[in-house]
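The next block holds one structure in the form of structure tokens; read it before the comments.
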């Protein structure tokens with residue numbers, strides 16, 4: 001499953017791991033310490049009732065797929081039901097607020113992406129919760145590059161990014177791009193494309209990537225960015241066409257498709273997914289969740305799913321997770337400022 005994008009990503013992760021152990025104290029704000037709790041007894045019983053995993057998008061997208069694969073394996077390990085609960089809307093803010101109000105005992109978890117964790121705060125300064133101080137990253141799950149895809153019936157002559165940019169410039173305000181919702185990574189990636197290419201394209205937000213893809217295939221919108229795993233079946237079926245990949249390098253699953261950065265240097269949009277708990281969850285519970293998640297990701301079924309859907313694993317040590325999140329927040333915060341994207 002190694003790829004150009006995967007190799008480059010692993011190099012960045014290795015650098016983060018080294019940074020976590022060496023010289024990050026001045027650059028990374030320390031996370032607030034969890035309140036003292038008598039968590040050992042709770043951890044010994046955990047979980048003592050069903051576990052709920054919130055997903056900030058509608059069913060059918062990449063995040064939902066990963067969450068359901070994880071839930072199935074955790075249920076087998078825990079001997080308790082593990083349900084996936086989809087809370088689409090607000091670029092993940094609906095799920096985030098619901099999660100922030102739950103009990104910090106590990107029985108309610110969140111599977112989230114950069115959209116909610118690293119982007120929303122920059123786009124929405126009035127968020128009623130703070131993922132930086134209220135959420136704890138338990139484990140990274142997967143990553144893959146986002147891909148710019150078009151409806152081939154709507155743009156039959158467009159096969160490359162320069163051709164798409166030329167079409168957009170010839171038809172300002174007429175081409176539309178879908179996203180998983182206002183404030184999501186897919187929205188911001190489209191806004192970055194518009195800003196850096198100097199084109200006027202119209203954003204159409206949905207309550208998740210699944211509904212957005214369905215309307216793109218139906219011809220209701222012109223284009224969108226989405227995770228490679230979500231679009232691969234439609235690319236193979238010919239109902240969508242890949243124009244560019246937003247990773248650092250070409251991807252072996254998309255022969256002949258160039259990176260966006262070949263046209264717009266420095267452009268990068270990688271779709272990562274992580275498992276989060278709440279600040280204040282007893283550390284023994286967090287440790288068990290992290291350990292069981294690692295075991296779930298190593299099962300043959302999950303490995304097979306990752307291979308089929310072009311996911312790359314993200315084996316970041318727990319000590320390096322705050323460093324990773326801080327780097328993502330800085331990068332996407334700068335992207336928000338550079339693109340001028342706003343959420344009303």
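The values are calculated or read from the model by the stated rules, or taken from the named source; none is laboratory data. These numbers were taken from a predicted model, which means no experiment stands behind them. When we count neighbours, we look across all protein chains shown, and the Cβ atoms used for this are built from the backbone with ideal geometry, even at glycine.
Some observations on this one:
- Qualifying residue in segment 289-306 (condition: touching a residue at least 12 places away in the same chain (Cβ under 8 Å), under 17 Å from the mean Cα position of the chain (by Cα) and not in a helix (DSSP H, G or I)): no
Yes/no matrix, rows are residues, columns are (1) on the phi > 0 side of the Ramachandran plot; (2) touching a helix residue (DSSP H, G or I) at 6+ places or on another chain (Cβ under 7 Å); (3) surrounded by fewer than 16 Cβ atoms within 10 Å (Cβ to Cβ):
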residue: 96; (1), (2), (3): no, yes, no
residue: 106; (1), (2), (3): yes, yes, no
residue: 114; (1), (2), (3): no, yes, no
residue: 118; (1), (2), (3): no, yes, no
residue: 153; (1), (2), (3): no, no, yes
residue: 170; (1), (2), (3): no, no, yes
residue: 174; (1), (2), (3): no, no, yes
residue: 178; (1), (2), (3): no, yes, no
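- One residue alone among 76, 83, 100 is surrounded by fewer than 20 Cβ atoms within 10 Å (Cβ to Cβ), without any contact (Cβ under 8 Å) to a residue 12 or more places away in the chain and outside the structural domain of residue 192 (by TED's automatic domain parsing), and that residue is 76.
- For segment 326-344, a tally of residues being in contact (Cβ under 8 Å) with a residue 60 or more places away in the chain, surrounded by fewer than 21 Cβ atoms within 10 Å (Cβ to Cβ) and in a helix (DSSP H, G or I) returns 9.
- Filtering 256, 247 for residues that are at positive phi and part of a loop (DSSP other than H, G, I, E, B) leaves a single hit, 256.
- Tally of residues being out of contact with any strand residue (DSSP E or B) (no Cβ under 6 Å at 6 or more places or on another chain) and buried (at least 18 other Cβ atoms within 10 Å of the Cβ) across segment 293-304: 3
- When 114, 58, 142, 67 are checked against the criterion of being under 18 Å from the mean Cα position of the chain (by Cα) and closer than 18 Å to residue 189 by Cα, a single residue qualifies: 114.
- With respect to the conditions (1) in the same structural domain as residue 279 (by TED's automatic domain parsing); (2) within 30 Å of residue 197 (Cβ to Cβ), residue 139 lacks only one, and its number is (2).
- Residue count for segment 266-288, restricted to those that are touching a helix residue (DSSP H, G or I) at 6+ places or on another chain (Cβ under 7 Å) and either over 25 Å from residue 190 (Cα atoms) or in a helix (DSSP H, G or I) (or both): 9.
- Residue in segment 45-52 that is outside the structural domain of residue 180 (by TED's automatic domain parsing) and either touching a strand residue (DSSP E or B) at 6+ places or on another chain (Cβ under 6 Å) or modelled with pLDDT under 50 (or both) present: yes
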